[in-house]
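Working notes, beginning with the structure itself.
The values are calculated or read from the model by the stated rules, or taken from the named source; none is laboratory data. Since this is a predicted model, take the numbers as computed values, not measurements. For neighbour counting, all protein chains shown are included, and Cβ atoms are generated from backbone atoms with ideal geometry for every residue, glycine included. Just the protein is used for accessible areas: all its heavy atoms, side chains included, with ligands, DNA and RNA removed. Shrake-Rupley method; radii C 1.70, N 1.55, O 1.52, S 1.80 Å.
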Number of protein chains: 2
Amino acid sequence: MNAQFKKGVLEMCVMALLGFRDRYGYELVHEISERFEISEGSIYPLLRRLLTEGYVSTYLQESVEGPARKYYSLTENGFQARNELIKEWNDFSNAVCGLIEEMTHAER
Amino acid sequence: MNAQFKKGVLEMCVMALLGFRDRYGYELVHEISERFEISEGSIYPLLRRLLTEGYVSTYLQESVEGPARKYYSLTENGFQARNELIKEWNDFSNAVCGLIEEMTHAER
DNA sequence: TTTAGGTATCTTGCATTGCAAGATAGTGAA
DNA sequence: TTCACTATCTTGCAATGCAAGATACCTAAA
């Protein structure tokens, strides 16, 4: 999978997932990887970025099957940014898909 | 518009357009900008990249309304790369849109 | 006890690419 | 001659995904 396509989209996907419920990093990696492959080296720096930008807050929670998990939770600002990002993605992907369709089915 | 979203996608759009007919750089900028904003500083280095990778060839053609135009034409390899890129984009954008939908209309 | 594998977090530095900013130059009209 | 439009090109910065590796907890098998 083209790594360039993911630029910026990964951030939006993480925020979309967090808008539904709190999650921890390792969980996010595996959930997103069901759709398209990503690695831990992408997620943790991204989560740190969201934290310093004030879009998420964190809390630790113990686990029965391994080390403690650091959960991430969207802040009010995070929700707003999430919604804007989703809107931008929808506009963008519609524009791109429209262009592709015109350029590949332009015979008719 | 989120500049990160365009990474890699701009290349695919250019190749999609060139797959339909030959175009020159300035023309590509304006055609793509009808869908989403891009600048000349993005197109010309990209076209040079496609040239060195052997995906396009070029030829000059005079114009009645300004300096000569450098037209870009997809090579055989370029067509193949174009089709693969479009397929990858379709898979990727479907995956992302599916995730977004599930995370925003997950009440039901 | 030791080993192995799954779970979980984190850091460093590289590669890629869009873009702002600016340079250059042809054409035609005011 | 001045302006606007057309057209190409270069430089260097900013952003971000990821490979690679380190650390550490827990459980179960050997």
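Tell me, which residue of the stretch B:56-74 that is in contact (Cβ under 8 Å) with a residue 24 or more places away in the chain, open to solvent by less than 90 Å² (accessible area, probe 1.4 Å) and out of contact with any Lys or Arg (no Cβ under 8 Å at 6 or more places or on another chain) is nearest to DNA strand C (Cβ to nearest atom)?
B:Arg69
Could you count how many residues in the stretch A:41-55 are open to solvent by 90 Å² or more (accessible area, probe 1.4 Å) and assigned to a helix (DSSP H, G or I)?
Residues that pass the stated criteria total 4.
Within the stretch B:78-108, which residues are more than 30 Å from A:Gly19 (Cα to Cα) and open to solvent by 90 Å² or more (accessible area, probe 1.4 Å)?
B:Gln80, B:Glu84
Is it the case that A:Met12 is near DNA strand D (Cβ under 8 Å from one of its atoms), under 30 Å from B:Asn83 (Cα atoms) and either more than 11 Å from chain B (Cβ to nearest Cβ) or in contact (Cβ under 8 Å) with a residue 12 or more places away in the chain (or both)?
Taking the combined requirement at face value, the residue does not satisfy it.
Just one of B:Glu34, B:Glu27, B:Glu53 is modelled with pLDDT of 95 or more, among the acidic types (Asp, Glu) and under 23 Å from A:Val9 (Cα atoms); which is it?
Exactly one residue qualifies, and that residue is B:Glu34.
On the basis of being within 13 Å of DNA strand D (Cβ to nearest atom), away from chain B (no Cβ under 14 Å) and at pLDDT below 95, does A:Gly66 make the cut?
yes
Hey, among the residues in the stretch A:15-40 that are within 14 Å of another protein chain (Cβ to nearest Cβ), touching a residue at least 40 places away in the same chain (Cβ under 8 Å) and not in a helix (DSSP H, G or I), which one's nearest to DNA strand D (Cβ to nearest atom)?
The residue in question is A:Arg23.
Could you give me the residue pairs with C-beta distances under 6 Å whose first residue belongs to the stretch B:82-103 and is under 15 Å from A:Glu31 (Cα atoms), whose second residue is surrounded by fewer than 16 Cβ atoms within 10 Å (Cβ to Cβ) and not polar (S, T, N, Q) wherever it lies, and which are 6+ apart or on separate chains?
Partner pairs satisfying both residue conditions: B:Met103/A:Phe20.
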